[in-house]
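Enquirer: Questions regarding the structure given below will be posed in turn.
The values are calculated or read from the model by the stated rules, or taken from the named source; none is laboratory data. In this text the structure is predicted, and so the values were computed from the model without any measurement. Cβ atoms come from the backbone with ideal geometry, glycine included; neighbour counts cover every protein chain shown.
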Amino acid sequence: MKKAIFTFPTHIVFGNGTIQTIPKELSKFQIKKALIVADKGLLQAGLIDIVTQQLEIAGVQYAIYDGVQGNPIEQDVYDGVKVYTNNVCDFVIGIGGGSPLDIAKLICLKSTHELPLEEYEDSIGGHKKISSNLPDFMAIPTAAGTGSEVGRSAVVTLESSGRKTVIFSPHLLAKVVIADPELTVGLPRGLTAATGMDALTHNLEAYLAKNFHPICDGIALEGMKLVSENLRRAVEDGTDLEARGNMLVAAMMGAIAFQKGLGVTHSLAHPLSTVSGLHHGLANAIVLPHAMDFNRQVSAGRLVDVASALGVETGSLSLEEGAQAAIDQVLMLCQDVGIPQNLSQVGVEANQIPVLAEQAIQDICHQLNPRVCTLQDMIDIYSAAI
């Protein structure tokens, strides 16, 4: 039997209306002033007001940093640290999708750690340089996608390399997560689809990843099942709180599961954000079926399990038929929720493939892909998806 370490520590408050538990949860901390990290869209949508109302009830002073971009860059972190420091904050509240939550984590990191961000990159063992000396952090998701609220990593585009990089440490985990499905109701149809496919990708890639983690495998299978049963409903009717809640759970399950690892889909998707400006979930969704096809020669058995999780009766199917059924189910889900069929439909051009592939092979995520990836493989998968 293999040896492993399993960790599931996040305190999550889940359910409709749980935003009102903020005062109770904050009472567990000694807070002088909190920094709220968000983007301007959340400010305009009034979601930050919902949080500040609860802070006022709790008697907690606050400052707001709303400069996070859709595909966040290193400067977003430094700008946020400046607001944190100038306002003498000692607590961070991230609200939004993956981008604000990731930047909130990195603001926590850089408020106490002096090295340049690239020194903390996971691919070079940067996690060893991250200590527990970080301000406490509360995460409030407003989308069911990345699951960053329960994740121990953050993704940001570094100025020095121009590519997305992963910064990882258990010390980046939120101390408390407020997961209120009502906060996701206002998410537009297209973003609901893209973020939902991001959740599916996290669960699916985690299940295929070659690390040993049977607990994460079980979580990933259930996460895929929840996406299959609820994403269409959430896209069709944004006020369906049951579907919204189930998708929020599926997103958190995906982020918990991918502590096992991710794969080539994410290595391909990250450059599509930095080079082509694609939303991360949309990039994942378009590339995912092609990555599954690439992996099927070594992961057919696991792909049959994926097909089952996505609602296929696989008992009478051969290994090859079951693996193909998994790919077909993902393609059908993408079509049903309005995901474009290929990269050219979202503005990616074939002449960008060499640059995209070069960044993809440098990305750490494919190191745990079940099938070893080469630069030519990256080129071939992009070409199939274009």
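Enquirer: Among (1) surrounded by fewer than 17 Cβ atoms within 10 Å (Cβ to Cβ); (2) under 29 Å from Leu158 (Cα atoms); (3) modelled with pLDDT of 95 or more, there is one condition Val81 misses while meeting the rest; what is its number?
Expert: (1)
Enquirer: Specify the residue that is nearest to the chain's Cα centre (by Cα); the eligible residues are those in the stretch 205-217 that are closer than 22 Å to Cys373 by Cα and of a type in the set (A, V, I, L, M, F, W, C).
Expert: Ala206
Enquirer: Identify the single condition in (1) under 13 Å from the mean Cα position of the chain (by Cα); (2) outside the structural domain of His366 (by TED's automatic domain parsing) that His202 does not satisfy, given that it satisfies every other one.
Expert: (2)
Enquirer: Conditions first: (1) buried (at least 24 other Cβ atoms within 10 Å of the Cβ); (2) in a helix (DSSP H, G or I). Ile215 passes all but one, so which condition is the exception?
Expert: Of the numbered conditions (1) buried (at least 24 other Cβ atoms within 10 Å of the Cβ); (2) in a helix (DSSP H, G or I), the odd one out for Ile215 is (1).
Enquirer: Could you list, in sequence order, the residues of the stretch 252-284 that are farther than 24 Å from Ile5 by Cβ and of a type in the set (Gly, Ala, Ser)?
Expert: Going through the stretch 252-284, the residues farther than 24 Å from Ile5 by Cβ turn out to be 264-265, 267-284.
Correct list: Ser267, Ala269, Ser273, Ser276, Gly277, Gly281, Ala283.
Enquirer: Further question on the same structure: Test Asn203 against the criterion of being in contact with a Gly (Cβ under 6 Å, 6 or more places away or on another chain), closer than 23 Å to Phe6 by Cβ, of a type outside the set (Asp, Glu) and surrounded by fewer than 23 Cβ atoms within 10 Å (Cβ to Cβ), and give yes or no.
Expert: Here the answer is no, as Asn203 does not meet what is asked.
Enquirer: May I ask you to list the residues in the stretch 236-247 that are surrounded by 23 or more Cβ atoms within 10 Å (Cβ to Cβ) and among the aliphatic types (A, V, I, L, M)?
Expert: Correct list: Ala243, Met247.
Enquirer: Taking Leu42, is it surrounded by 14 or more Cβ atoms within 10 Å (Cβ to Cβ), closer than 25 Å to Val77 by Cβ and modelled with pLDDT under 95?
Expert: So Leu42 fits the description; yes.
Enquirer: Here is a follow-up. Show the residue pairs that are 6+ apart or on different chains and have beta-carbon atoms under 8 Å apart, the first residue being within the stretch 361-376 and part of a loop (DSSP other than H, G, I, E, B), the second being surrounded by fewer than 16 Cβ atoms within 10 Å (Cβ to Cβ).
Expert: Asn369/Lys210; Pro370/Lys210; Pro370/Val298; Arg371/Gln297; Arg371/Val298
Enquirer: Just to check your reading of the model, which residue among Thr201, Thr195 is under 23 Å from Gly17 (Cα atoms) and modelled with pLDDT of 95 or more?
Expert: When all the criteria are applied, what remains is Thr195.
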